[in-house]
Amino acid sequence: MLAIAAVVLVACTRSTGTSSGAKPADIYAGAITLADLTPVVGDSSNWWPGPPTFGVRPLDTASMPPQVRSETIVRFSRVGTAENLFTLYRVWDTTSLASAVMSSYETALGTSLTGPKAGDQVLYYQQQVQYGAAPYMTMAYIRVGQTIIQSTWSRTDSFGGAGQLGKIAVKIASRLKQVTAGKVHATPPVTTDTEMLPPAGPYLTLLGSTRLPIEAAVVMVHSASPDAMATGLRDAGLKTFVFGDYTLDNDTHMEVRTGVLEFGSVAEASAWMDEVRGTNQLTSDGFAAYFDDLTGQYFLLFLAGTKAAVFICRSVAEGESASRSCEAPIAPVGAAWKSSLSG
C-alpha cells in the first residue's frame with residue numbers, strides 16, 4: 001500500500017498515548033455495509049462482503065509500525081470481476097501522531113484530488129498500478145481522531161471518481177465517530193459460536209471472531225462458481241456462518257481464516273466440501289488438506305456431523321503466497337478441532 005511507504009517519515013519510537021483507540025471488534029461493528037456501498041458503486045446484487053482481518057498483535061508484528069495499536073480490514077468484492085473495495089482502519093497511539101502521518105502522506109503523494117470533506121481530515125488520490133486485473137485505484141485517506149482509514153476502490157477498466165468514493169468516505173467517517181463516541185459496540189459472540197472454533201492450543205492465536213453473511217464464505221474459499229455456490233447454500237437454509245481470524249504462531253506473517261458452516265444434513269455438508277475441494281483427495285480419516293496454486297493458500301476441510309469446517313492459511317500481504325510454515329500445524333489443529341466439533 002502507498003500509505004506504508006509514507007510512515008517512515010514520522011518518528012520511529014513508540015508514543016505515549018492517553019487513549020487505546022477504538023477496538024477492532026467495535027470498528028467492524030460500525031463499519032460500512034453493503035447498503036452504504038451499493039448506491040455509490042452500483043450493481044448491488046453482485047457486491048458481496050469478504051472476510052475481515054482483526055489486525056491486533058501478534059499478527060504480522062515485525063511489519064506493523066510500533067506506533068500502531070491495531071489494524072482492522074473490511075473487504076467487499078464485486079463477484080464475477082476483480083473489482084473490490086478494501087478499507088483499512090489503522091489506530092495510531094495519539095491524534096497528534098495520526099495528524100503527522102497524514103501530513104507525511106500528502107508530502108509523499110502530492111496534492112489531494114477534490115472530494116467531499118470527511119472526518120477530521122481527508123485526502124484523495126488515484127493511481128494505475130502495473131499488476132492485477134483491477135489496476136485503476138482510487139484512494140481516500142480519512143482521519144478521525146487517532147485513526148486513519150485508507151479506503152481503496154480498485155476497478156478493472158477506469159478510475160472510480162474521487163467524488164463517488166468521497167460519498168463512501170463520509171459514511172466511513174460518520175460511523176467511526178459513532179464508535180469512538182461509545183454509541184456503537186460489537187455484540188459479544190455467543191458461547192455456542194466460539195465453541196465451534198478451533199480449541200486454544202500452541203499453534204494459533206485468536207484475533208477476533210464474528211458471524212458473517214454466507215456470501216462471505218463463498219468469497220473466502222474463492223469459489224469458481226460463486227453464484228451457484230451461494231444459491232446452493234441459501235437453498236440449504238444457510239444465512240450466516242461462524243468466522244474466526246487467527247495468526248499462525250510459528251510465522252505471524254501468516255493469517256489463518258476459519259469457518260464453520262452448519263447444514264441440515266451430512267449429505268448437504270459433504271456436497272459443499274466436495275465442491276470446495278474439487279479434485280483434491282480426502283484422507284482415510286476424512287480430511288482434505290492441500291495447497292491451492294491459484295490463490296497461494298493452504299486449505300484444510302473436514303466434516304463433523306452436519307458441520308463443515310474450513311481452515312485457510314494465507315499471507316497477510318495481498319498477492320503473496322503463503323509460506324510453508326502453514327504446513328506443520330494443519331494436522332494437529334485439524335485433529336483437535338474435529339474432536340472438539342464432534343464432541
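The values are calculated or read from the model by the stated rules, or taken from the named source; none is laboratory data. Only a predicted model underlies this, so the values are computations on that prediction, with no experimental measurement involved. A quick note on method: Cβ atoms are made from the backbone with ideal geometry, for glycine too, and the neighbour counts reach across all protein chains shown. Note: accessible area is taken over every heavy atom of the protein model, side chains too, but ligands, DNA and RNA are not part of it. Shrake-Rupley method; radii C 1.70, N 1.55, O 1.52, S 1.80 Å.
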**OP:** Search the stretch 219-260 for residues being over 19 Å from Pro329 (Cα atoms) and basic (Lys, Arg), and hand back the single one that is nearest to the chain's Cα centre (by Cα).
**Re:** Lys239
Original post:
Can Val242 be described as open to solvent by less than 30 Å² (accessible area, probe 1.4 Å), over 22 Å from Gly343 (Cα atoms) and either in a helix (DSSP H, G or I) or touching a residue at least 40 places away in the same chain (Cβ under 8 Å) (or both)?
Top reply: no
Original post:
Quick one: would you say Phe291 is open to solvent by less than 20 Å² (accessible area, probe 1.4 Å), free of Cβ contacts under 8 Å to residues at least 60 places away in the same chain and not aliphatic (A, V, I, L, M)?
Top reply: no
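Scan Tyr105, Tyr89 and give me the residue that is buried (at least 21 other Cβ atoms within 10 Å of the Cβ) and either at pLDDT below 95 or outside any strand (DSSP E or B) (or both).
On the way: Tyr89 fails: either at pLDDT below 95 or outside any strand (DSSP E or B) (or both).
Of Tyr105, Tyr89, the one residue that is buried (at least 21 other Cβ atoms within 10 Å of the Cβ) and either at pLDDT below 95 or outside any strand (DSSP E or B) (or both) is Tyr105.
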Subject >> Scope the stretch 1-32; condition hydrophobic (A, V, I, L, M, F, W, C), outside any loop (DSSP other than H, G, I, E, B), within 18 Å of Thr95 (Cα to Cα) and modelled with pLDDT of 90 or more; matching residues >> reply: Ile27
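Restricting the stretch 187-223 to residues that are in a loop (DSSP other than H, G, I, E, B) and open to solvent by less than 20 Å² (accessible area, probe 1.4 Å), which is nearest to Trp48 (Cα to Cα)? Before the answer, list the steps.
From the stretch 187-223, those in a loop (DSSP other than H, G, I, E, B) are 187-190, 195-203, 221-223; that's our starting set.
Filter again for open to solvent by less than 20 Å² (accessible area, probe 1.4 Å), leaving 196-198, 221.
Values: Met196: 24, Leu197: 23, Pro198: 26, Val221: 13 Å.
Only one residue tops the list, namely Val221.
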**OP:** Considering only residues that are touching a Ser or Thr at 6+ places or on another chain (Cβ under 8 Å) and either assigned to a strand (DSSP E or B) or at pLDDT below 95 (or both), look in the stretch 245-261 and name the one that is surrounded by the most Cβ atoms within 10 Å (Cβ to Cβ).
**Re:** Val256
Subject >> Scope the stretch 33-63; condition surrounded by 15 or more Cβ atoms within 10 Å (Cβ to Cβ), in a loop (DSSP other than H, G, I, E, B) and modelled with pLDDT under 95; matching residues >> reply: none
Original post:
Does Ala162 meet the test of being farther than 18 Å from Trp337 by Cβ, open to solvent by less than 60 Å² (accessible area, probe 1.4 Å), in contact (Cβ under 8 Å) with a residue 24 or more places away in the chain and touching a strand residue (DSSP E or B) at 6+ places or on another chain (Cβ under 8 Å)?
Top reply: yes
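Please work out which residue is nearest to Gly182 (Cα to Cα), limiting yourself to the stretch 22-48 and to residues that are of a type in the set (D, E, K, R) and in contact with a helix residue (DSSP H, G or I) (Cβ under 6 Å, 6 or more places away or on another chain).
We begin by selecting, within the stretch 22-48, every residue of a type in the set (D, E, K, R); these are 23, 26, 36, 43.
Add one more test, that the residue is in contact with a helix residue (DSSP H, G or I) (Cβ under 6 Å, 6 or more places away or on another chain), and what stays is 26, 36.
Working: Asp26: 9, Asp36: 21 Å.
Restricting to residues being of a type in the set (D, E, K, R) and in contact with a helix residue (DSSP H, G or I) (Cβ under 6 Å, 6 or more places away or on another chain), the top hit is Asp26.
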Original post:
Could you say which residue among Gln150, Gln128, Gln178 is open to solvent by less than 50 Å² (accessible area, probe 1.4 Å), more than 21 Å from Lys239 (Cα to Cα) and either in contact with a Cys (Cβ under 7 Å, 6 or more places away or on another chain) or modelled with pLDDT of 95 or more (or both)?
Top reply: Gln150
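Only one residue in Gly286, Gly305, Gly319 is open to solvent by 10 Å² or more (accessible area, probe 1.4 Å), in contact with a helix residue (DSSP H, G or I) (Cβ under 7 Å, 6 or more places away or on another chain), touching a residue at least 12 places away in the same chain (Cβ under 8 Å) and more than 21 Å from Ala200 (Cα to Cα). Which one?
Details: Gly286 fails: in contact with a helix residue (DSSP H, G or I) (Cβ under 7 Å, 6 or more places away or on another chain); Gly319 fails: in contact with a helix residue (DSSP H, G or I) (Cβ under 7 Å, 6 or more places away or on another chain).
Selected residue: Gly305, the only one of Gly286, Gly305, Gly319 that is open to solvent by 10 Å² or more (accessible area, probe 1.4 Å), in contact with a helix residue (DSSP H, G or I) (Cβ under 7 Å, 6 or more places away or on another chain), touching a residue at least 12 places away in the same chain (Cβ under 8 Å) and more than 21 Å from Ala200 (Cα to Cα).
Conditions tested, residue by residue: (1) over 15 Å from Thr87 (Cα atoms); (2) in contact (Cβ under 8 Å) with a residue 12 or more places away in the chain; (3) in contact with a strand residue (DSSP E or B) (Cβ under 6 Å, 6 or more places away or on another chain).
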| site | (1), (2), (3) |
| --- | --- |
| Ser104 | yes, yes, no |
| Thr107 | yes, yes, no |
| Gly110 | yes, yes, no |
| Gln127 | yes, yes, yes |
| Tyr136 | yes, yes, yes |
| Met139 | no, yes, yes |
| Ile142 | no, yes, yes |
Original post:
Which of (1) closer than 23 Å to Ser321 by Cα; (2) open to solvent by 60 Å² or more (accessible area, probe 1.4 Å); (3) not β-branched (Val, Ile, Thr) is the odd one out, the single condition Pro226 does not satisfy?
Top reply: (2)
